[in-house]
1. Please find, among Asn184, Asn112, the residue that is within 17 Å of Asn85 (Cβ to Cβ) and open to solvent by less than 70 Å² (accessible area, probe 1.4 Å).
2. Out of all the residues in the stretch 1-54, which are in contact with a Ser or Thr (Cβ under 6 Å, 6 or more places away or on another chain), among the hydrophobic types (A, V, I, L, M, F, W, C) and farther than 23 Å from Ala159 by Cβ?
3. Identify all residues within the stretch 171-181 that are part of a helix (DSSP H, G or I) and surrounded by 11 or more Cβ atoms within 10 Å (Cβ to Cβ); write none if there are none.
4. Any residue at all in the stretch 118-139 that's closer than 27 Å to Leu70 by Cβ and at pLDDT below 95?
5. For the stretch 29-44, enumerate the residues that are in contact (Cβ under 8 Å) with a residue 12 or more places away in the chain and either at positive phi or open to solvent by 70 Å² or more (accessible area, probe 1.4 Å) (or both).
6. Do we have any residue at all in the stretch 144-157 that's open to solvent by less than 50 Å² (accessible area, probe 1.4 Å), among the aromatic types (Phe, Trp, Tyr), assigned to a loop (DSSP other than H, G, I, E, B) and in contact with a helix residue (DSSP H, G or I) (Cβ under 9 Å, 6 or more places away or on another chain)?
7. Grab the strands (runs of 3 or more DSSP E) fully contained in the stretch 30-83, keeping just those with 3 or more residues being under 16 Å from Val3 (Cα atoms).
8. Restricting to the stretch 190-229, name every residue that is open to solvent by less than 60 Å² (accessible area, probe 1.4 Å) and polar (S, T, N, Q).
Amino acid sequence: TEVSYGASYGVGTYIKHLIQCFDLTEWDVNVIEMFKSKVNLTLQSDKGIVYHEIPRINNEKYSLAVFYYLASRLNAKTEVYCHFNFFGRDELATRFKESFNAHIVFTLHYMNWRFNLNGDEERIKAILHNPTNIEEKRIKTYFEKERNFMMNCCDSVIAVSQHSYDTLHNLYGVPLSKLMVIPNAVQDISDANTSSPIELRKKYGFKGPERIILFVGRLERNKGIFDLISAFKQI
């Protein structure tokens, strides 16, 4: 993972729940967080999981330095799986493949062009075909970097929704043999399994016949909350 806006929310939650799925008698699990705003490297262990916080350095060889640090902790015969949650770590992924025959897994949490174009797939197709200004050329360049990372560096690409899966195959051209859908999930610790719907409605202050639509996410335009509010009027 990397220090970023997304890591503080969705990606961070994803990793927190993911590491709970490993049987630590079979796996040696390391969580590596890059670009920390610290002076010194931090290494700590919690409940059998090892956490590495690697400081940010303004150097083009940053990925190379991270690789050598991590490689020094591995036996050459170790079976290695590298799970990336952000684009742009091509060199790191390639070096692990070449040196350890590592299996590279990537979970796609977002597509950069969706932020710029509000998810307009017809427009991204037009830009990829013929960018007409500097901004569109920048969007196309970043799209191609995303595609190259998945096509050339990754053995498996995880989509967190069917829509992302379809986009990865149809727009990016990622072969189906690399793709899989694993929807986002969190551990169920609610009381919904032991309480009836009527009891839960009463607990949270809803009347019996009221319709309830639940939005779970940050209150941001790109999360679709404004579209959901507009849909209320039609319902």
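The values are calculated or read from the model by the stated rules, or taken from the named source; none is laboratory data. Note that the coordinates shown come from a computational prediction; the quantities given were computed from them, not determined experimentally. Ideal geometry is used to build each Cβ from the backbone, glycine not excepted, and the neighbour counts take in all protein chains shown. Ligands, DNA and RNA are stripped out before the accessible areas are found, and what is left, the full protein with its side chains, is counted by its heavy atoms. Shrake-Rupley method; radii C 1.70, N 1.55, O 1.52, S 1.80 Å.
1. Numbers: Asn184 fails: open to solvent by less than 70 Å² (accessible area, probe 1.4 Å).
After applying the criteria, what remains is Asn112.
2. Across the stretch 1-54, there are no qualifying residues.
3. Step one: of the stretch 171-181, the residues part of a helix (DSSP H, G or I) are 176-178.
Passing the criteria: only Lys178.
4. Going through the stretch 118-139, the residues closer than 27 Å to Leu70 by Cβ turn out to be none.
No: zero hits.
5. Going through the stretch 29-44, the residues in contact (Cβ under 8 Å) with a residue 12 or more places away in the chain turn out to be 29-41.
If the condition is that a residue be in contact (Cβ under 8 Å) with a residue 12 or more places away in the chain and either at positive phi or open to solvent by 70 Å² or more (accessible area, probe 1.4 Å) (or both), then Phe35, Ser37, Lys38, Val39, Asn40, Leu41 are the ones that fit.
6. no
7. On the way: elements: 30-36, 42-46, 49-55.
Correct list: 30-36, 49-55.
8. Ser195, Ser196
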